[in-house]
Amino acid sequence: MGFVDRVLRPEDVRVAARNLRELTAKSPTFLPAHLRLALKVGATTSLLAPGLTIPAARRLLRRMVSHLLIDASDVELAKMIAKIKRRGARLNINLLGEAVLGDKEAKGRIEGTENLLMRDDVDYVSIKVSSAVAPHAPLAFDQAVEHIQASLLPLFRLAAESTTPKFINLDMEEYRDLDLTTAVFTELLDREDLLHLEAGIVLQAYLPDALGAMIRLQNWAAARRSRGGAAIKVRLVKGANLPMERVEASLHGWPLATWDTKQETDTNYKRVLNYALTTERVANVRIGVAGHNLFDIAYAWTLAGRRGVRHGVEFEMLLGMAEGQARAVAETVGPLLLYVPAVHPRDFDVAIAHLVRRLQEGASPDNFISAVFDLHDSPALYERERSRFVASPAGLDDTVPAPNRTQDRREIARLDQQIRLDIVPTSFDNTPDTDPSLAGNRLWSQAITERIASSTLGDDLVAAHTITERSVLEATIRDTLAAGASWAELGARGRAKILRRAAIIFAQRRGELLEAMASECAKRWTRAIPKCQKLSISSTTTPVRPRS
């Protein structure tokens, strides 16, 4: 990871060369002797010729990780696709890239994916909605859906009009994109000109929301099928964005969107499979069982066999991960669909996040992949994974888990029920930010937006308290000064109770404050909402602990 971050990333080859020399002194002993020797030679030559050494080192790294991602340049891509297909596998190609920051990058990602789809040797691609357009206003949900649809529509039309089957999978990583991706996916495929197209979407089992989302997709797909439409496919994964979800939750004061434990995620994975794998449901929604956990693969294969729905299940793995096990699985379940990241050499730095994630998966004891190479020879590791698997179905039931995130700015009445004014917290905590990923908050925002243009909110209040006479002004100043003495007599605890009550009122009137800011001062949401946040503090029935 140090090599990836410190030698691959820097644009200045002199900086990269210095980092290479530092890392070479700490090269791990597990590296093969020829690689350690190459590092030492490279470190020495980098003193004199960093412009030659660093590009060579970067090419070496690309060769070292070529089993995890492929070169997206035309000639090399054709070679790699042919090589992988000779193994009997199908390919789901994902053009790698960092988060899109502007229209130019979004256009480039769309064009790159379009070029893939136009190839005769490519029939399956993945793309995220966050790659299709530049960043949008978080609460402008409907506008974002419309914009993303317009951006992705040429890709879906290309797939629909192709003389050979082409498949597009909408990928996602972040919780905030769950509703957005689902809306874009369903609205696109509801178009009459795309009704016959089969396409796919990803669901992440580490979200409690996964089963609810699957049920909604199943109901929608059934209605689409009744209109003569094609089935869809859901690629079910465990989820691989946990570190960022934790950061976002901590930063904004929100509950963690994912399950708290790996065990709960494993149970939820099987909960979704148990719901989805029935004869009636696979006719509408095929399932992609994605992952490397051999126990989970065996569970899905056995369950599908007992229910007679193996025709509606496809097993998927990552390119280059535990290839021996992948071949063994393929001998039982048939050809695998391999998730194949692709990146052009000039953009190789964007592959860093993917490479780091793969390294983390291989190192974390929470992940099955960390044990996969020693499972046969280590009774302890086998027992660890067996116990985890046995425990996960034990938690299955018929309930549909509720999301962890439930904030709804429309429900202001709950504030009074949650807060006791007779208890003063011993520490301070900011009120949680407004969560734009939740439908209730988006509806709340939309209702405010619709009132802004004709709003007269606060006009009568201003008129009633406008002072036009000198005597009234002087009396008001005297009363204010006198009130200061009464305020001081309340003491710290008394003042705290009043301030807490004021915070509650500010929170309850948040929508009205936003409406006034926008209508009178033309404040944008991105500027107005933080202003309101500063007026409110969170208050609970027990002393509040600071967010970590």
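The values are calculated or read from the model by the stated rules, or taken from the named source; none is laboratory data. Here the structure is a predicted model, which is why all the values come from computation and not from measurement. Glycine gets a Cβ as well: all are built from the backbone with ideal geometry, and neighbour counts include every protein chain shown.
A few remarks follow.
- Qualifying positions in segment 344-364 - within 22 Å of the chain's Cα centre (by Cα) and not in a helix (DSSP H, G or I): Ser364
- Of all residues making up segment 49-83, the number that are under 18 Å from Asp123 (Cα atoms), surrounded by fewer than 18 Cβ atoms within 10 Å (Cβ to Cβ) and not charged (D, E, K, R): 4
- Residue within segment 299-314 that is out of contact with any Gly (no Cβ under 6 Å at 6 or more places or on another chain) and either in the same structural domain as Pro436 (by TED's automatic domain parsing) or in contact (Cβ under 8 Å) with a residue 40 or more places away in the chain (or both) present: yes
- A search for C-beta distances below 9 Å between a residue of segment 120-144 that is free of Cβ contacts under 8 Å to residues at least 40 places away in the same chain and surrounded by fewer than 20 Cβ atoms within 10 Å (Cβ to Cβ) and any residue that is of a type in the set (Phe, Trp, Tyr) and not in a loop (DSSP other than H, G, I, E, B), counting only pairs 6+ apart in sequence or on different chains, returns Ala140/Trp525.
- Selection count where residues are of a type in the set (A, V, I, L, M, F, W, C) and part of a loop (DSSP other than H, G, I, E, B), scope segment 279-329: 5
- Some residue of segment 78-89 being closer than 30 Å to Gly334 by Cα, part of a strand (DSSP E or B), assigned by TED's automatic domain parsing to the domain that holds Ala150 and touching a residue at least 60 places away in the same chain (Cβ under 8 Å): no
- Some residue of segment 96-116 being of a type in the set (A, V, I, L, M, F, W, C), in a strand (DSSP E or B) and assigned by TED's automatic domain parsing to the domain that holds Met321: no
- Which numbered condition Phe185 misses (of (1) modelled with pLDDT under 95; (2) within 30 Å of Thr526 (Cα to Cα)): (1)
- None of Leu152, Leu188 is over 26 Å from Leu277 (Cα atoms) and surrounded by 17 or more Cβ atoms within 10 Å (Cβ to Cβ) except Leu152.
- Arg58 within 28 Å of Leu95 (Cβ to Cβ), in contact with a strand residue (DSSP E or B) (Cβ under 8 Å, 6 or more places away or on another chain) and part of a helix (DSSP H, G or I): no
- Restricting Ile54, Ile70 to residues that are outside the structural domain of Leu359 (by TED's automatic domain parsing) and touching a helix residue (DSSP H, G or I) at 6+ places or on another chain (Cβ under 8 Å) narrows the list to Ile54.
- In segment 355-399, the residues that are at pLDDT 80 or above and of a type in the set (D, E, K, R): Asp377, Glu383, Arg384, Glu385, Arg386, Arg388, Asp397, Asp398
- Against the numbered list (1) surrounded by 13 or more Cβ atoms within 10 Å (Cβ to Cβ); (2) assigned to a loop (DSSP other than H, G, I, E, B); (3) at pLDDT 80 or above, Ala402 comes up short only at (1).
- In segment 282-298, the qualifying residues are those that are in contact (Cβ under 8 Å) with a residue 12 or more places away in the chain and among the aliphatic types (A, V, I, L, M), and the one that is surrounded by the most Cβ atoms within 10 Å (Cβ to Cβ) is Val289.
- The set of residues in segment 300-348 being more than 30 Å from Leu61 (Cβ to Cβ) and hydrophobic (A, V, I, L, M, F, W, C) consists of Ala300, Trp301, Leu303, Ala304, Val309, Val313, Phe315, Val333.
- Hits in segment 429-446 - residues which are farther than 18 Å from Pro403 by Cα and small (Gly, Ala, Ser): Ser445
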